[in-house]
Amino acid sequence: MTTIFYARVSTADQTLSHQVSQARAAGFEIDEVLSDHGVSGVSTALRDRPEAKRLFDKLRKGDTLVVRWVDRLGRNYADVTDTIREFIRRGVTIRTVINNMTFDGTPQDPMQEAVRDALIAFMAATAQAQAEATKEAQKAGIAAAKMNTTKYRGKKPSYDRATLGDVVRLLGNGLGASAVAKMTGLKRQTVLRIRKDPSVAEAALQKWGL
C-alpha cells in the first residue's frame, strides 16, 4: 500500500516544499510526491495535467492519496467530485491535510454513503466558489490599486496570497474569526477585516506587489 502526496502549485506562495512539509508535520508518512506547477485548477481537469494524470495509473486498491485540501485536486465542481468518487470506487483512500478529512469506501449503508458524497460535493463546490470569489477580488484589487495615485501604500499586509486564500475558504466553510486566526496565525482583527471586504485585502497585496 502506497501513500502518494499530490500538490498543485498555483502561486509563488504555495511552494511544493511548504505543502509537503505541512503534510509531514501533520503526521502523514509519504512514499511518493507528484506535483504540477502553474496549472489552472478551474479550466484544467486533473487527468489532463502532466503529473496528476499519473495518479490514474499509479493508484491501486489500498493506496492513499493525500492532498493539502480538495482545491489542490481542482476548483471545478464536476471534475473534483467525479475524480474523488472514481478513486473511491478503486478502493483508494483520499485524505486532506487541512481539516484532516478522510474519504473512502468504508460507508456501506446508503445513508452513510449519501452523507459522505454530500460532504465531498460541498467541499468541491466551496473550492470552485472560492476560486470565483478570488478572481473577482483580484479584479477589484487591481482596480483599487490603479485608482490610488499616491505613493503611500499603507502598512504591509501580514498575510501572503496563499494565506488570504485560506482565510476566505475557511470563513466560507463557516468557521469563526477566532478559529480562522488560530489556524492561519493571523490576528483576529486581520481576519475580520478580510471577512468584511476581501477585495480590500487583495488590493493591499497588489499595492505591495505580493
Given charges at beta-carbon only (K, R positive; D, E negative), |dipole| of the chain in Debye: 1040
Bridge type composition, the chain - antiparallel percent by DSSP, nearest 5: 10
The chain: relative contact order as a whole-number percent, Cα under 8 Å and 6+ apart: 18
Rg(Cα) / (2.2 N^0.38 Å) computed for the chain, rounded to two decimals: 1.08
Of S21, F56, V42, farthest towards positive along the dipole that unit charges on Lys, Arg, Asp, Glu beta carbons give the stretch 3-106: F56
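Residue separation times 0.36 nm, minus the C-alpha to C-alpha distance between R47 and T2: what's the value?
Stretched out fully, the R47 to T2 stretch lengthens by 14.2 nm.
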Fully extended contour minus Cα-Cα distance, from Q22 to M111, at 0.36 nm per residue: 28.7 nm
Among M111, T93, V66 the positive-end extreme of the charge dipole of the stretch 55-121 (Cβ point charges): V66
Among beta bridges that DSSP assigns inside the stretch 3-106, antiparallel share in %, nearest 5: 10
Cα long-axis angle, helix 16-25 against the chain (0 to 90 degrees, to the nearest 10): 60
Restraint check, K53/K156; K156/K196; K155/K182; K182/K207, Cα-Cα greater than 29 Å: K53/K156
Mean ellipticity per residue at 222 nm, deg cm²/dmol - from DSSP H runs of n ≥ 4 across the chain, formula -39500 (n - 2.57): -16000 deg cm²/dmol
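FYI, it's all coordinate maths here, none of it is from the lab. No experiment lies behind these values; they were computed from the predicted model shown. We place every Cβ from the backbone using ideal geometry, glycine too, and count neighbours over all the protein chains shown.
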